[in-house]
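Asks: First the structure, which I've put down as structure tokens, then a few questions once you've had a look.
The values are calculated or read from the model by the stated rules, or taken from the named source; none is laboratory data. Since the model is a prediction, treat every value here as computed from it, not as a measurement. For neighbour counting, all protein chains shown are included, and Cβ atoms are generated from backbone atoms with ideal geometry for every residue, glycine included.
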Amino acid sequence: MMSTDPRADASALAGHSSLTPHRTPPAGVPGRRAFADVVAANAQYAQHFTGMNLGGRAARGLAVITCMDSRIDPLGVLGMKPGDAKILRNAGARVTDDVLRTLVLACYLLEVNRVLVMPHTRCAMIGREEAEIHAQIASKYGVDTRGFEFRTSSDVTSTLRADVQRIRSFPLLPARLPVAGAVYNVDTGALKLIDD
Ligand SMILES: [Zn+2]
């Protein structure tokens, strides 16, 4: 659902009343039923599948780190198609240890030769304090998440610069690997590269 609220992601999650915290799955949960729509859709997809000739390498040499926000179509935004690029997604498009791990593999084994870090406007991870998110989850679900760092950011551009630099400085990646940062505008579809 589109929303003009910058906290839409988190609000949508908080409003999902069927989520109930538990440490062990209760017996008899009808998990498969929750996926009936996607299983049915896949049956249709597989009937008309045309991607069997795609390789596992990035045909256009690009890796993109972007947010999990469902408003973003990373391939469409960049004029690419399946097979062209490696897409790495997490909350806030942050360069985490696991992103670095994946980039090392992508660069040396899967023909990635350029990296774009692409956070976005109106991200629920930007402009909020960590404590605010912990409190929101605690009050709604009674779960204490304070042992986690969600990696919120007060400013998208300064955080993006630091994340781009983190990739450039990572010693296991190729020394001359081109790395850029750009903010995707979810309202206009436009991408704005940041200055180095
Ligand atoms: Zn986001």
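Asks: Just to be sure I understand the filter: pairs with C-beta atoms under 9 Å, separated by 6 or more residues or on different chains, first member in the range 80-109 and under 12 Å from R57 (Cβ atoms), second member assigned to a helix (DSSP H, G or I) and away from the ligand (no atom under 15 Å from the Cβ). Which pairs pass?
Replies: Pairs found: D84/L75; A85/L75; K86/T102; K86/L103; K86/A106.
Asks: Answer with yes or no whether I87 is closer than 24 Å to V179 by Cα and surrounded by fewer than 21 Cβ atoms within 10 Å (Cβ to Cβ).
Replies: yes
Asks: Restrict the check to the range 133-151 and report whether at least one residue is part of a helix (DSSP H, G or I), among the hydrophobic types (A, V, I, L, M, F, W, C), exposed (fewer than 15 other Cβ atoms within 10 Å of the Cβ) and on the phi < 0 side of the Ramachandran plot.
Replies: yes
Asks: Look through V112, V143 and report the one residue that is in contact (Cβ under 8 Å) with a residue 12 or more places away in the chain and under 26 Å from G55 (Cβ atoms).
Replies: Of the residues listed, the single one that is in contact (Cβ under 8 Å) with a residue 12 or more places away in the chain and under 26 Å from G55 (Cβ atoms) is V112.
Asks: Residues being crowded, with 16+ Cβ neighbours inside 10 Å, of a type in the set (S, T, Y) and closer than 30 Å to N113 by Cβ: count how many of those fall in the range 152-196.
Replies: Of the residues in that region, 3 qualify.
Asks: Also, I was wondering about something else. From the list T152, T159, T188, which one is modelled with pLDDT of 95 or more and farther than 24 Å from C107 by Cα?
Replies: Answer to the check: T188.
Asks: Suppose the filter is out of contact with any Pro (no Cβ under 8 Å at 6 or more places or on another chain), among the basic types (K, R) and within 16 Å of the ligand (Cβ to nearest atom); does R101 pass it?
Replies: When the stated conditions are applied, R101 does not pass them.
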